[in-house]
Amino acid sequence: MQRLPLWRHIMLGFALLLGVLFALPNLYGYGPAVRLSGPRVQESQAQWQALLEQAQVVPVAMEQGNHNVLLRFADVETQLKAQDALENWRSTHPDHLTTLELSPLAPSWLMSLGARPMTLGLDLQGGVHFLMDVDLQPVLSRRATEAVREMARALRQRSIPYEEMVHHSGEITIRLQREQDRDAALQALADQLAEWQPQPADPSSPRLMRLAPEPRTLETIQRNALEQNMTTLRNRIDELGVAEPVVQRQGNSAIVVELPGIQDTTAAKNIIGATATIAFHLLDTQHDPAQAQSTGLVPPGSLLEHDRQGRPVLLQREIIVSGDQLINAVSSVDTTSGSPAVLVTLNSQGAQRMARVTQSNIGQPMAVVYMEYKPIRTPPGAPPAHRLEKQVISVATIQSAFSSRFQITGLDRQEAHTLSLLLRAGSLAAPLQIVEERTVGPSLGKANVRRGLLAGTVGTALVLLFMAVYYRAFGLIAGAAMLLNLVLLVGLLSLLGVTLTLPGIAGIVLTLGMAVDANVLINERIREELEEGLAPQASIRAGYHRAFATIIDSNLTTLIAALILFGIGTGPIKGFAVTLSAGIATSMFSAVFGSRSLVDLIFGGRRLKSLPI
């Protein structure tokens, strides 16, 4: 009798081995842990270990990495007790972080092979969900300020006099000295008019020009602000070490952030919602800042700000370098004074400008201004509003010219660490306001996992029972193929790094039910061939061959629906689509390729008078 080639059995065994290898870590799950991170965490190991021993908290395992240590604990209660014990250590090491998380418990030899458990989503692992509204008004205000500066320069170059040029609520107002200069002013502003649309002239004020942003400009500003905010949020979340976070756009002005496994939401909220950045200004040394504060008369071209002690400081209005020109920022220590510092690295554009300004201003003072948007309480239903708070955090005399690398001093350790983290992760283009916050506890996630596993187990058992009763030996083979499909599917999802959610579990359960569809088609086709009078072995070959086209057609239509769900869906819908698509691929392989090999191993090479089907 004709047998299948040996390579098919070898391929099936190899696929099963890989599936078991990558699916195995999921049996171990996740356990509570505390991650210590910072530049000197290994050096201070004796201190934090002594604090843990004093609190009678013993980790079950400890893993050391690059500037971080992961301490595993037996339960959540011990984990929280360990965090409380480490607060004293953090008070003397403010540039270090302690983060609560759930860490995979798979053996190290499995992890070294690249096999990791599937990352659990917020609904299965617990964590925090933020809905953030983006306040675009400060972005429009900054864009208008830049446009006013460019328009003023353009009018001066054409010698067109004007009395004032201001912006309010995103609209620019220019008051000319002479009415007849209106057409010449429009010609001078031709480059800016691509983004700013002139409004109809007011007959009562012919010297007044009003320019509003083009609708396309507003759309571009809104889109770019949302994209930059999402990129910045992802960078900041990476600093927190959160695995598989979700950062996605919702509507035209909102961002959804989900942080699975995060149990300490306060630290996460303070970092991801912060809108801090910095700017460098030269000091105005020609005027008295105290007099400017007392009289309220700020010299033209200057800004009145205050330092950390509340003292007035006069700055030149022009910004030398801003936070968006920073490449990197690291918390460090000043080698001369031993005080905390932030080591800053600029991009090429910022470095050239810094070098040019410092070269021509040696001996002059330069200030670092810390800027942060603070939310303002608004009535229910009103859009979010923020106020900009500025503070001069450092003033230093330029001793020599510098460009791309320098340091900021005048901060304590915690401030230096926080500022370096925010600058390194990037500044937000627009301030955010958390309008919704939901926390999912790990106990609820465990209940969801338990119920999902129960649904999968009961569904699989019922399908196996039905197939065994109805198709006998071939039903058992279909059941074995379905179990093979489950192993391959879990292994494939783990290999791809898919985040498993409750809808994803629903997709797996649905896939298990669909996995036997192909075997039902094959078995029914074999029975038909037997009724037509074909020999058992010929019926097996004909059944698999003639059912193949129908199997491809039925699975392809389901795959198209899954791809559409993935394309237009978000969050949980995408998770369902991913598991369903992967399940279709593995079920076709296990039903057609796997079950055929099993049938050949059991019935191949034998003379059969009948089939147990």
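Among the residues of region 181-199, those that are modelled with pLDDT of 80 or more and of a type outside the set (A, V, I, L, M, F, W, C) comprise Asp181, Arg182, Asp183, Gln187, Gln197, Pro198, Gln199. Inclusion of Phe548 among residues that are farther than 18 Å from Leu486 by Cα, buried (at least 16 other Cβ atoms within 10 Å of the Cβ) and without any contact (Cβ under 8 Å) to a residue 60 or more places away in the chain is warranted. The helices (runs of 4 or more DSSP H) located wholly in region 429-545 that include 2 or more residues which are more than 25 Å from Ser610 (Cβ to Cβ) and touching a strand residue (DSSP E or B) at 6+ places or on another chain (Cβ under 9 Å) occupy 442-496.
Do you know which of the residues in region 168-180 that are in contact with a helix residue (DSSP H, G or I) (Cβ under 9 Å, 6 or more places away or on another chain) and modelled with pLDDT of 80 or more is surrounded by the fewest Cβ atoms within 10 Å (Cβ to Cβ)? My answer is Glu171.
Residues in region 275-290 that are outside any loop (DSSP other than H, G, I, E, B) and in contact with a Pro (Cβ under 9 Å, 6 or more places away or on another chain): Leu282, Leu283, Pro289, Ala290. Could we say that Leu12 is under 30 Å from Ala538 (Cβ atoms), surrounded by 16 or more Cβ atoms within 10 Å (Cβ to Cβ), over 27 Å from the mean Cα position of the chain (by Cα) and in contact (Cβ under 8 Å) with a residue 12 or more places away in the chain here? Yes, satisfied.
Applying a threshold of 7 Å to beta carbon distances and a minimum spacing of six or more residues, or different chains, the list of pairs starting in region 554-577 at a residue that is within 25 Å of Leu122 (Cβ to Cβ) and ending at one that is part of a helix (DSSP H, G or I) and among the basic types (Lys, Arg) reads Phe566/Lys574.
Within region 312-323, one or more residues are in contact with a Lys or Arg (Cβ under 8 Å, 6 or more places away or on another chain) and of a type in the set (Val, Ile, Thr). Close contacts from region 481-510, counting a first residue that is at pLDDT 85 or above and a second that is not in a helix (DSSP H, G or I), with Cβ to Cβ under 6 Å and a gap of 6+ residues or different chains, come to Met482/Val516; Leu493/Met118; Ser494/Met118.
Give just the number: which of (1) surrounded by 18 or more Cβ atoms within 10 Å (Cβ to Cβ); (2) at pLDDT 85 or above; (3) more than 30 Å from Val247 (Cα to Cα) does Phe603 not satisfy? Only one criterion is unmet by Phe603, namely (2).
Could you say whether any residue in region 313-323 is surrounded by 12 or more Cβ atoms within 10 Å (Cβ to Cβ), in a helix (DSSP H, G or I) and either among the charged types (D, E, K, R) or out of contact with any Asp or Glu (no Cβ under 7 Å at 6 or more places or on another chain) (or both)? Yes. If you go through region 562-573 and keep only what is modelled with pLDDT of 80 or more and under 21 Å from the mean Cα position of the chain (by Cα), you end up with Phe566, Gly567, Ile568, Ile573.
Among the residues of region 15-40, count how many are without any contact (Cβ under 8 Å) to a residue 60 or more places away in the chain and basic (Lys, Arg). Within region 15-40, residues that are without any contact (Cβ under 8 Å) to a residue 60 or more places away in the chain and basic (Lys, Arg) number 1.
Ser294 falls short of the stated requirement of being outside any loop (DSSP other than H, G, I, E, B), closer than 25 Å to Ser420 by Cβ and out of contact with any Cys (no Cβ under 8 Å at 6 or more places or on another chain).
Here are some residues: Pro215, Pro203, Pro198. Which one is free of Cβ contacts under 8 Å to residues at least 12 places away in the same chain and farther than 30 Å from Ala254 by Cβ?
Going through Pro215, Pro203, Pro198 in turn, the sole match is Pro203.
For (1) modelled with pLDDT under 80; (2) loosely packed, with under 15 Cβ neighbours inside 10 Å; (3) within 28 Å of the chain's Cα centre (by Cα); (4) in the same structural domain as Thr98 (by TED's automatic domain parsing), each residue gets a yes or a no:
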{"residue": "Thr335", "(1), (2), (3), (4)": "yes, yes, no, no"}
{"residue": "Ser339", "(1), (2), (3), (4)": "yes, yes, no, no"}
{"residue": "Thr345", "(1), (2), (3), (4)": "no, no, yes, no"}
{"residue": "Gly350", "(1), (2), (3), (4)": "no, no, yes, no"}
{"residue": "Gln359", "(1), (2), (3), (4)": "no, yes, no, no"}
{"residue": "Tyr370", "(1), (2), (3), (4)": "no, no, yes, no"}
{"residue": "Arg377", "(1), (2), (3), (4)": "yes, yes, yes, no"}
{"residue": "Ala429", "(1), (2), (3), (4)": "yes, no, yes, no"}
{"residue": "Gln433", "(1), (2), (3), (4)": "yes, no, yes, no"}
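Flag: Val516 does not match the condition of being farther than 21 Å from Ile602 by Cβ, among the β-branched types (Val, Ile, Thr) and surrounded by 17 or more Cβ atoms within 10 Å (Cβ to Cβ). What is the residue count in region 438-451 for residues that are over 17 Å from Leu102 (Cβ atoms) and modelled with pLDDT under 80? So the answer is 1.
The values are calculated or read from the model by the stated rules, or taken from the named source; none is laboratory data. Everything quoted here is computed from the prediction, not taken from an experiment. Every residue, glycine as well, gets a Cβ built from its backbone with ideal geometry; the counts of neighbours run over all protein chains shown.
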